[in-house]
Every structure is written in C-alpha cells, then in structure tokens.
Amino acid sequence: MRAMLLVNPKATTTNARRRDVLIRALGAAVELTVEQTRYRGHAAALATTAHAKGYDVVAVLGGDGTINEAVNGLLNAVNGDDPAYKDDPSAGRPALIVIPGGSANVFARDLGLPNDPVEATGAVLEALRDGRRRTVGLGQALWEDESRYFTFGAGMGYNAEVIRAVEGLRGTGRKATPTRYVNTALRHYLATDKRHPAMTLSGPGIPAAKGVYMAIISNTSPWTYIGTRPVLPTPWAGFETGLDLLGLQEIGVTSILPAIRQILTERDTLPSGRHLVQLHDESEFTLAAYRPVAFELDGDYLGERESVTFRSIPNALQVLV
C-alpha cells in the first residue's frame, strides 16, 4: 500500500521528535512518502498530487485546518466521469488517515480516534492491519463562484465572529486554548448587536425562517469540544446522514443561556426553546443575509458572506479508523 503523509510542522500537539516516531511507525506498515506543508493551501495541492499519482492513502498529521485542506484536495481531484466515482464516490479517490495534531482535533475525535497522536497512530495501524475502513459523508458550502467541503461543521454569525477573533489572537502568538475561546466568546457577546438579526434560512421543502442571528451547521456530532467537554447543538447529526442545523433567532441573556446549557449537556434529545430553528438530515439549504456576516468552516474563518448554500455529500470519503 502506497501512502503519502502530509505533516504540518506547526501542529500544536507534536514536536520534531514525536513526529519522527510516528513517521517511522507508519513507514513500517506502508510504503510511505512524507511531505511537509509550507503554506496555506499546500495540503490541498499535495492531496491532489497524491490522487494523480495513484496513492492508495493520504495520511494527515495536523489539526482540523490541515485535514480540511487535504479533504478538499482529494475531492476536487476526482474526475466526475470516472465510472468508479459514479458507482461509489468514496472508491474513486485515496482513503484518508487522520492523526490528530491540532488544538481541537474535532474530526478525529468524532471518528472515535484518541486525541493523543501516539495513541491515534496505534489505532490507525490496527485499522491498516485489519483492513478497517469507514465511509463518511461530508458537507459542502457554496457561495458566489466558490465552494469548499467540510468534515464536521460550519457556522455563520456570532459563532463565526468568535472564531475570527480567536484567529486574530493566534496571529499575535497566543494559543487557541478552551479558556481563550470561552473568554473571547463572552467579551464578543457584550459587543454583539442583539436587535438586528441578519439572516434568513430557506431550502427545498423547508419553511423560510427569518431573523436568524447565528447558525450552527453540523455534518456530525459533537460539533466541537471545549477541552474534553463535547458541544452538542445537533445531537442527531452523523456522517451517515444529511446536514443538521441549529439557528438562534434571539440572543438575549434569557434566551441564549438556556440554549448554551442544553448544548453543553450530553443527551440524545434536541435543544428546546421558542427562538430556536432546527433542521435534521437535510440535503440542501441556504443562509442569506441583508449584510455580510462572518462565516467559518471546520473552525477556519473564511471572511464575511451574504449568502451560502450548504449541501450534503453522501459516501464522499473512506477513512481508515
């Protein structure tokens, strides 16, 4: 089996010595080529190259951002006329191996992998030995003349504004810790416009919902983690179903606090409340706004958008897990 390993040298939970150990362990199990990512978008380009060169597997040692880039490279490399793609989309491209190396590692944890990169490598080696693969669906966001796939979730509005603020802090050298996310969310909430919701939700067969302040879009659950605590706005979401959504039409203290309490509680029931908008297992919907609003995918801030369409892409990728 030929595998290309994409290594983000800036991954926050690994160092050079640990990366060398993991590389040697993988190299003993497969015919391994190692590539280091050097700039934003490099992982996508490398994954596209791996597909073109006929690699069986693309492995990623990095955080959710690097994994997202690699996934987009794999999916964008496929020729839609390939018979293998038409019969089984996931069979028309290399399989994926995920080794968590970031601060959150949401996709890896949602796949059931350990959050520690050494333990996750052990689990991946077992999957290689036993031939275990899981076929997962992905989400796709489309806006203007662009599109991008996502593995676990997306957001528009207040939640994306928080990610934008944290990314700004990371640019000054500060780490993206759970405490920093929480403190940033609290500070940002105090400055948020709570009177003029910008978004409207619509879609095929979906009643339009106006006055949406923020929206969480999920391809699986949990949507993210605060340290070890899962965040569960859409507990029914899964890699084998369509997309889920939780939208808030009011973000005053008396509305948002009960919602936060519910999504931080492990349960198998949906959040309840008069000002919540919820979708489950949908193939497509659109969020449109009368002004540009913050937008993120897989924890990566992508600027402000006035309209984004979200689609479910079933059976998109095989993951060794």
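Structure data summary
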| read-out | value |
| --- | --- |
| Residue pairs meeting the criteria (Cβ under 7 Å; at least 6 apart or on separate chains; first more than 24 Å from Val106 (Cα to Cα), in region 177-200; second in a helix (DSSP H, G or I) and at pLDDT 80 or above) | Thr192/Tyr158 |
| Matching residues in region 1-51 - criterion: being assigned to a helix (DSSP H, G or I) and charged (D, E, K, R) | Arg17, Arg18, Arg19, Asp20, Arg24 |
| Any pair with Cβ under 8 angstrom, 6 or more apart, that starts in region 261-277 at a residue that is closer than 12 Å to Thr234 by Cα and ends at one that is part of a strand (DSSP E or B) and among the basic types (Lys, Arg) | Leu264/Arg229 |
| Scan of region 129-143 for residues that are touching a residue at least 40 places away in the same chain (Cβ under 8 Å) and either assigned to a loop (DSSP other than H, G, I, E, B) or touching a strand residue (DSSP E or B) at 6+ places or on another chain (Cβ under 8 Å) (or both), ordered by number | Arg132, Arg133, Arg134, Thr135, Val136, Gly137, Leu138, Gly139, Gln140, Ala141, Leu142, Trp143 |
| Check on Gly41, under 16 Å from the mean Cα position of the chain (by Cα), surrounded by fewer than 19 Cβ atoms within 10 Å (Cβ to Cβ) and under 19 Å from Phe107 (Cβ atoms) | yes |
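The values are calculated or read from the model by the stated rules, or taken from the named source; none is laboratory data. Remember, it's a predicted structure, so these values are computed and weren't measured experimentally. No Cβ is skipped: glycine too gets one built from the backbone with ideal geometry, and neighbour counts run over all protein chains shown.
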